Each structure stands twice: as structure tokens, then as C-alpha cells.
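Input: a single structure, listed below in C-alpha cells.
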Amino acid sequence: LKETAERERRFGGLLGIAADWYWEQDDGFRFTHLSDSRMREASPSLMQMLGRTAWEQLGPGHGEEQADAHRADLEAHRPFANLLLTRPDGRGNQRHLNISGEPLFDAAGVFTGYWGVGRDVTAQVRAQQAVVASEHRYRALFARSPSALVLHRRGLVLDANEAAARLF
């Protein structure tokens, strides 16, 4: 008993310093535990999910197709990894969360729920969006330039715009 309490104390401490947050659901997919070490930063509204299912939180227009596929995985008791969700953070911003989980079974093999981890990947998603936007701007400027532009490496032409094609 003392050893179990010590393990739980260490586990709780680890969750407090982890970059990820931890969650548990019961056999009805209602959240029964949400660690709050990083969760409050990611989305304070997530703490309101205790006792509720994830799809009770989603309103119309929040990726029903993705939600239906995820719900089918849960009902089939399949593990899932890297499910990307977008949620409001309560301050008017969108937060991007990467969620992974696996089913739990008791000693008799009866499904008892899920547990898993989540990570706020907002910074990474925003950085990727910035790269895509920058690439789009670059491509537009490159293509529309009245000057002949040719990109090459070691004598191999990698790209040329329309003005270069007309010139050569």
C-alpha cells in the first residue's frame, strides 16, 4: 500500500512537469480525469469536459466527419495516435491539440475506458501555416515577375518563371 501511494505520488509529480497532459475516460467515453499541468494554458475550456464526452463539446461545423471517425474508433476500442483537434481557448484564439489514447480493459478483458495524452501543438501548426503562406507569396511573386527568373543548382534548372521561358 505504501509502495502504491509512492508510485502514485511520483506519477502525479511527473505529470506536473510533463509537456503533455494526461486524460482518462470511463466506458461511456466521459472524461473522468484531466491533468491540468499544461491544459489550462492550452484551453481553459477543456477543464469543463469532466463528466462529459468529447462530442458533447463539439457544436455544428466542428469537423463532424473527423469526429464520427474518431467516435467509431473509440466504440471499436481501437487505440489512436496524433489526432489533431482545434479548440477555442476561451480568449478568442484557436488552439491546436494533438491527442493520443488507448483503451483500458480490466483483468477479465472487459472494456473500462480510455486513457491518453494530449499536447498543445499550436506553435508548430502556426509555424507550418506561416511557411505555407510564405511559400505561396514567394510562388506568386516568382510567377508574376516581369523579370526572367531561373533557379538552378550545379547547372541543373530547378524552376523558371514565364518571363524566363519567353526569353529562352
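The values are calculated or read from the model by the stated rules, or taken from the named source; none is laboratory data. Predicted model only: the values in this text are computed from it and were never measured. Neighbour counts run over all protein chains shown; Cβ positions are idealised from the backbone, glycine included. Please note that ligands, DNA and RNA were not included when accessible areas were found on the heavy atoms of the full protein model with its side chains. Shrake-Rupley method; radii C 1.70, N 1.55, O 1.52, S 1.80 Å.
For region 55-108, which positions are at pLDDT 85 or above, polar (S, T, N, Q) and open to solvent by 60 Å² or more (accessible area, probe 1.4 Å)? Hit for region 55-108 is N82, nothing else.
Among residues of region 110-168 being of a type in the set (F, W, Y) and closer than 30 Å to D27 by Cβ, the one that is surrounded by the fewest Cβ atoms within 10 Å (Cβ to Cβ) is F111.
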